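One structure is given here, and the rest of the page talks about it.
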Amino acid sequence: MSKTIIITGASRGIGKEMAKHLAKQGNRIIANYNKSEEKAKELQSELKKENIEIDIFKADVSKREECKKLVEYTIKKYKKIDVLINNAGISVWGPFTELTDEELHEIMNVNLYSAIAMTQETIKYMIKEQKGCIINISSIWGMVGASCEVAYSITKAGIDGLTKSLAKELGPSNIRVNSIAPGAIDTEMNADLTEEERKEIENETPLGKIGKTIDIAKTASWLIEDEFTTGQIISPNGGLTII
Ligand code: NAP
């Protein structure tokens, strides 16, 4: 492969797995993190043991200036960005009426504005190259809605809107834009689930299991190699959501 790939929120979970998987396939990875510096360093040294070098870069991608720094660092060092994966995300759980303004602004900024700002900062370079691939990590809840996760679902539906519209706008520049909308995946984001709740999800899922981070990494790898898919919401979810 050997592409230059920025992955936001790559210190843990799905982002980390994508960084590992894509680095092992021979790509240059710029793994962004915000709070989990130790974990980002662990990822870097874990790969170093296999003689694979990756860059790690601290940036709060909910802030425009920090997105700019991440993109400029990458351009300065590698001259181009082939792939941007907007993965950083948080969840907020609770009845809609009880969500505070602070919670609402935070989730909008981390889940949605970050993808908008990172994409704006990146595509000027992709347009110059007349090629590129953007992958937005959304969620099944953006497609079908989730009770007590209304704000989260709004941000993910917004991400899918970004994907569809930008795919149309950037297609003529040979830039593909797609969403990956995972079902339930085993990461820290789901650490609060009780054993009973996990069983419930497994029972509701036709494939009878919760997904693994590698399932999403493999989808990302396929989307990067593909040349004719754009504006799509690809949903590795074990059949939990079929629309
Ligand atoms: P996770 O394990 O909680 O990891 C979240 C990642 O996002 C961390 O690396 C975190 O970095 C980063 N992050 C959060 N705020 C950030 C910010 N302001 N700037 C930069 N990075 C930030 O979550 P995950 O399950 O891997 O989720 C990854 C993505 O998949 C999210 O967009 C999530 O909504 C989506 N998703 C997850 C599931 C699931 O079941 N797990 C299902 C559907 C969709 P730091 O710790 O360094 O701050």
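The values are calculated or read from the model by the stated rules, or taken from the named source; none is laboratory data. Since this is a predicted model, take the numbers as computed values, not measurements. Neighbour counts run over all protein chains shown; Cβ positions are idealised from the backbone, glycine included. Just so you know, the surface numbers come from the protein's heavy atoms only, side chains and all, with ligands and any DNA or RNA stripped out. Shrake-Rupley method; radii C 1.70, N 1.55, O 1.52, S 1.80 Å.
Points to keep in mind about this one:
- Shape category assigned to the range 85-147 from the gyration tensor of Cα positions, a/c cut at 1.5: prolate
- Peptides 165-172, 145-152 ordered by average Cβ neighbours within 10 Å, highest first: 145-152, 165-172
- What a 1.4 Å probe finds exposed on the range 4-234 is 50% carbon and sulfur by accessible area, rounded to a whole percent.
- Counting only aspartates and glutamates at least 8 places from K49 when in the same chain, those with an alpha carbon closer than 18 Å to its own are E17, E38.
- S2 paired with L99, simple spin-label distance in nm, labels 7 Å along Cα-to-beta-carbon: 4.5
- Computed extension length for K168-N51: 38.2 nm, one decimal, from 0.36 nm per residue of separation with the Cα-Cα distance subtracted.
- Per DSSP, loop chymotrypsin sites (Phe, Trp or Tyr not before Pro) in the range 83-131 with at most 13 further Cβ within 10 Å: W93
- The chain pair-distance distribution - Cα-Cα, 10 Å bins, rounded %: 8, 33, 38, 18, 3, 0
- With N the number of residues in the range 147-219, Rg(Cα) / (2.2 N^0.38 Å) evaluates to 1.39.
- Surface analysis of the range 74-145 yields an accessible area of 49 Å² per residue, using protein heavy atoms and a 1.4 Å probe.
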